[in-house]
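Here, each number is a calculation from the coordinates, and none is a lab measurement. Just so you know, these numbers come straight off a predicted model, no measurement behind them. Here the Cβ positions follow ideal geometry from the backbone for every residue, glycine too, while neighbour counts run over all protein chains shown.
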Amino acid sequence: MIQLIVFLPLLAAIVAGLGNRTIGNVPAKLVTTGALFASCALSWPIFISFLTGGAHAHVVPVLDFIRSGDLSVDWSLRVDTLTSVMLVVVTTVSALVHLYSWGYMSEDDSQPRFFAYLSLFTFAMLMLVTSDNLVQMFFGWEGVGLASYLLIGFWYKKPSASAAAIKAFVVNRVGDFGFSLGIFGTFLVFGTVSIPAILAASPDMAGSTIGFLGARFDVMTLLCLLLFIGAMGKSAQLGLHTWLPDAMEGPTPVSALIHAATMVTAGVFMVCRLSPMFETSETAQHVVTYVGAATALFAATVGTTQFDIKRVIAYSTCSQLGYMFFAAGVGAYNAAMFHLFTHAFFKALLFLGAGSVIHAMHHEQDMRYYGGLRKHIPLTFWAMMAGTLAITGVGVLGVFGFAGFYSKDAIIEATFASGSESGGIAFAVAVFAALLTSFYSWRLVFLTFYGKPRWEQSEHIQHAVHDAHGHDHDDHAHAAHGHDAHDEHDHAHGSVSDGTAGYHPHESPWPMLLPLAVLTIGAIAAGYVFHTPFLDAEHGAAFWQGSLAFDAHLMHAMHEVPMWVKMSASAVMLTGFVIAWFAYVRSPGIPAAFVSQFRILHDFLYRKWYFDELYDVIFVKPAFAIGRFLWKRGDEGTIDRFGPNGVAALVVSGSRLAGRLQSGYVYSYALVMLLGLAAAATWAMVG
């Protein structure tokens, strides 16, 4: 069964990719979507069997992979609780994204290629989560990197898409270099790349040291930090996060797949899979906690200022990944995985819902040109509402809550219960980030679905109206995108006409709405249904046995934290909602006044803490300068000058000289012969 789950997407990718336009759009979509739904249908029984205690961890061999000296790598598929959780997350979201893409990509000329890339992406992620050794994990790790490059740059004729794909690929190479060093070091220390063997031997290595870069370091700290660098790249943690927002240049289904089920969750999965290693190094755990907290804070602050609907959700993903990492950092690996599980449903729902909005608005992504859409696309509106209620953590303690109410609140409680200094800092950051999450999530809802329509200012909409009716309906269309990105006056809901004269947004087709309906159920019920096996001290110990480091003491302490800690997330959630409502519904002039008063702060957040500009100065421009120097002075000025070009010039000069000697006159040749004979005679006599 596990072989079918993993290899069906690969087979579908090969058929659709090689068949391409030969087999046509519909067969390619049928093969890939059918394969993913089959994998999904086979994954859920495995997860449920682990949930009910009817299954045990096992390894399914596939083939002998590498034999080289002491290095022995078998290609095999590991199935345990952690794998089963990832299987349902990856296959469910990917299957729904495939179906959603039937509607979203219906007008694209390269549908077989797109669906082949989607299936290849899913196969690589499945290889990663079923890996039984670090080499196989690295294979899947690089596979999702390749597939993300192909999908982000799918519209390769668009310069910004190609640049975003290259950026994602290059930034991830930095993290992957650290990950590969971690794998090399692990093999050097343990003599194997088998994950079970490494985890079993890790406690015995605690406290030992190793020479690295001319100094002595704690072995487990060094290995864990190198491996974590890989996680930072894949899961877009602060410092290696810059690729994630630009990944929005790909089609919206790609955004949902990357952010909800694949790639960005790979780092969290890897840390949880290797959690017994991280448990041996307190320093490594502190680093994971602080990096996760810094990422959660950074992304949440930036998300409050963005206008592109997909970028807001992208920074939300970055922030939620920070939650997962600092949960792992304090030892609550099960809480991190639970948030990964629930996050997959509501984040996929938010991205696909945003795609439905963009589809309705003729590919306009700027929320300043939305407004009043709940009346025009009500099904999308209610789906987005469910996703927003889930991510902000709406619920009533002891009664019922949306998905994020259980998973995010559990992380907040776990950081407090950990009792460590790093846990205390993470707790404070988590509560503040929850406030910001609530604010920017409701800001998105209010700007998009409430107030008066503002879409007649949109250049995209005016082009659509012009194409449909042969003339423009708004003399100001040409200026729509000339507004300063900081101009919050665009949020004034009563500043334009009702927007219905020339364009009427429309609800998405059923292939797009059906996945929204399924994900809505997950966003509503996933937390309530599954929180006990994931988080309960007794049930959790049995559920997670052998697949990650489960701290039953921390789970007990988490449930016994003071009531003010339990209520803190709900309190800041309500606070964020009220602030957003006042700023964007009740008194829409507040944002402009705030920006005017705090222009420097707003610029700092809107420009994403100037990370891109900083990296451009430190890395990009020097790299281009070095490249130009080596090109002009090295390649052209030295190698070509004295190499190919120099030899070619010498041959040309010699040919011209020889050509002059070939005059065609007999007396010229006779003179040369006489000179030759004279020279030969002279040499003979001298000799």
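Data for the structure
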| quantity | calculated |
| --- | --- |
| Principal-axis tilt of helix 510-535 within the chain, Cα atoms, nearest 10 degrees | 70 |
| Simple Cβ-charge dipole of region 566-666, Lys/Arg +1 and Asp/Glu -1, about Cα centre, in debye nearest 20 | 80 |
| Helix 81-104 vs. the chain, principal-axis angle (Cα, 0 to 90°, nearest 10) | 80 |
| Extension reserve of the Ser653-Ala206 stretch, reckoned as 0.36 nm per residue once the Cα distance is removed | 153.8 nm |
| Helical mean residue ellipticity (222 nm; -39500 (n - 2.57) per DSSP H run of 4+; nearest 500) of the chain | -22500 deg cm²/dmol |
| More than 39 angstrom apart: percent of Cα pairs within the chain | 38 |
| Cβ-based net charge around Phe121, under 14 Å, with every Lys or Arg adding one and every Asp or Glu removing one | +1 |
| Net charge contributed by nearby residues that have their C-beta within less than 9 Å of Ala57 (K/R +1, D/E -1) | 0 |
| Cα gyration tensor category, rounded, prolate or oblate, for region 223-293 with a/c compared to 1.5 | prolate |
| Lys157 paired with Leu677, simple spin-label distance in nm, labels 7 Å along Cα-to-beta-carbon | 7.5 |
| Point-charge dipole on Cβ atoms (K/R +1, D/E -1) for the chain, about Cα centre, debye to 20 | 1140 |
| Farthest toward positive dipole pole in region 613-686 [+1 Lys/Arg, -1 Asp/Glu at C-beta], among Phe619, Val651, Leu661 | Leu661 |
| Whole-Hz couplings from phi, Karplus 6.51/-1.76/1.60, listed for region 332-343; x for Gly and Pro | 8, 5, 5, 5, 4, 5, 5, 5, 4, 5, 5, 4 |
| Ala525 versus Leu661: modelled label distance in nm, points set 7 Å from Cα along the beta carbon direction | 9.4 |
| The chain: angle of helix 644-661 to the longest principal axis, Cα-based, in degrees nearest 10 | 20 |
| Region 613-686 shape via C-alpha gyration tensor axes, a/c threshold 1.5 | prolate |
| Peptides ranked, highest mean first, by Cβ atoms within 10 Å: ranges 576-585, 231-240 | 231-240, 576-585 |
| Selection from Leu397, Tyr149, Val268 lying farthest towards where the dipole of the chain points positive, charges on Cβ | Tyr149 |
| When each of Lys375/Lys608; Lys408/Lys608; Lys157/Lys452; Lys566/Lys608; Lys347/Lys621; Lys167/Lys310 is checked by Cα-Cα distance, pairs over 26 Å | Lys375/Lys608; Lys157/Lys452; Lys566/Lys608; Lys347/Lys621 |
| Cα gyration tensor category, rounded, prolate or oblate, for region 24-166 with a/c compared to 1.5 | oblate |
| Ordering of 624-630, 131-137 by burial proxy (mean other Cβ atoms within 10 Å per residue, highest first) | 131-137, 624-630 |
| Relative packing of peptides 399-407, 104-112, 638-646 - highest average C-beta neighbours within 10 Å first | 399-407, 104-112, 638-646 |
